[in-house]
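Encoded as C-alpha cells, the structure appears first; notes follow it.
The values are calculated or read from the model by the stated rules, or taken from the named source; none is laboratory data. The structure presented is a predicted model; accordingly, all values stated were derived computationally and were not measured. All Cβ positions, even for glycine, are placed from backbone atoms using ideal geometry, and neighbour counts span all protein chains on display. Please note that ligands, DNA and RNA were not included when accessible areas were found on the heavy atoms of the full protein model with its side chains. Shrake-Rupley method; radii C 1.70, N 1.55, O 1.52, S 1.80 Å.
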Amino acid sequence: NLLISWVRRASRAAPDDWPQALLNRTLARLHCWQADQFMVLGARQQARRSVKQAEDLASGDPEVVGRRGMLQGLSGAVEGAIPLLWQALDGGCRCHHMYTMLAGWLEIGGQREELKRLQRTHGAAFDDHPHSGVEMRRPPFWLKALSECEPQELARRLERAPDQDAGVRALLLWLD
C-alpha cells in the first residue's frame, strides 16, 4: 500500500516522468504483487479486490491475466484457470507461483504432454526443464509439493494429490 501511494504521489509530482501507460502498468503490477501476498495468506477476497484494481488499470497485461487465472484456479475453476496461466506465461510473465500452479494442475489432471510442453517452453526460466530429451525419474508428488509451495498452497495441492500415499498422508497430518 505504501509503495502504491508513493507511485501515485510521484506521478502527480512529476507527470512527465510518468506517462499514463507506464503509470497504469506499474500500479497494475503492484496490485498484482499485493494480490500474491493476499493469496499466500489465504485472503482471497482481498486478493480479488487487488486483481480487480489491476484489471481496471491494465486488463490485458500478462501479469494481470495470470493473477486472474490463479484466483480462478484457487477457487476451484481449474479448467478456466489453465488457459489464463498459459496466456500469462506465453505473454512473458515470470511469476514462479503461476508456473508451479499450472505445472501442478497439469500433473494432477494427468496432462503429461501439456506438462512436458510447459517445461520445454517455460521451464528454463523457472529452473524446471527436461534434460535434452532424457526422461528423468520424477520425485514423489508430496516431495515436489513440499519443496515449491507456501503452507496453504501445499495443503491445497496435497488434498488434490493423485494418490494418497504415506508421504502425502504424513504431510497432511503435519499441516493439520
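Among Gly60, Gly123, Gly80, Gly73, which is the only one that is part of a loop (DSSP other than H, G, I, E, B), at pLDDT 70 or above and either charged (D, E, K, R) or out of contact with any Cys (no Cβ under 7 Å at 6 or more places or on another chain) (or both)?
Matching residue, one of Gly60, Gly123, Gly80, Gly73: Gly60.
From (1) farther than 23 Å from Gly66 by Cβ; (2) buried (at least 18 other Cβ atoms within 10 Å of the Cβ); (3) modelled with pLDDT of 70 or more, pick out the condition that doesn't hold for Leu173.
Condition not satisfied by Leu173: (2).
Looking only at region 109-117, decide whether some residue is touching a helix residue (DSSP H, G or I) at 6+ places or on another chain (Cβ under 6 Å) and either charged (D, E, K, R) or at pLDDT 90 or above (or both).
Yes, because at least one residue in region 109-117 is touching a helix residue (DSSP H, G or I) at 6+ places or on another chain (Cβ under 6 Å) and either charged (D, E, K, R) or at pLDDT 90 or above (or both).
Select, from Val65, Val51, the only residue that is within 12 Å of the chain's Cα centre (by Cα) and either at pLDDT 95 or above or crowded, with 19+ Cβ neighbours inside 10 Å (or both).
Just a single option satisfies the conditions, and that option is Val65.
Among the residues of region 78-92, are any surrounded by fewer than 20 Cβ atoms within 10 Å (Cβ to Cβ), of a type outside the set (D, E, K, R) and touching a residue at least 60 places away in the same chain (Cβ under 8 Å)?
no
Within region 1-29, can you find the residues that are in contact with a helix residue (DSSP H, G or I) (Cβ under 7 Å, 6 or more places away or on another chain) and either over 23 Å from Met101 (Cα atoms) or open to solvent by 20 Å² or more (accessible area, probe 1.4 Å) (or both)?
Passing the criteria: Leu3, Ile4, Val7, Ser11, Trp18, Leu23, Asn24, Arg25, Thr26, Leu27, Arg29.
Suppose we filter Arg68, Arg49, Arg29, Arg25 for residues that are farther than 24 Å from Ser11 by Cβ and of a type outside the set (A, V, I, L, M, F, W, C); which single one remains?
Residue meeting the stated conditions: Arg68.
His96 is checked against (1) open to solvent by less than 70 Å² (accessible area, probe 1.4 Å); (2) within 29 Å of Arg160 (Cβ to Cβ) and fails just one. What number does that condition carry?
His96 satisfies every listed condition except (1).
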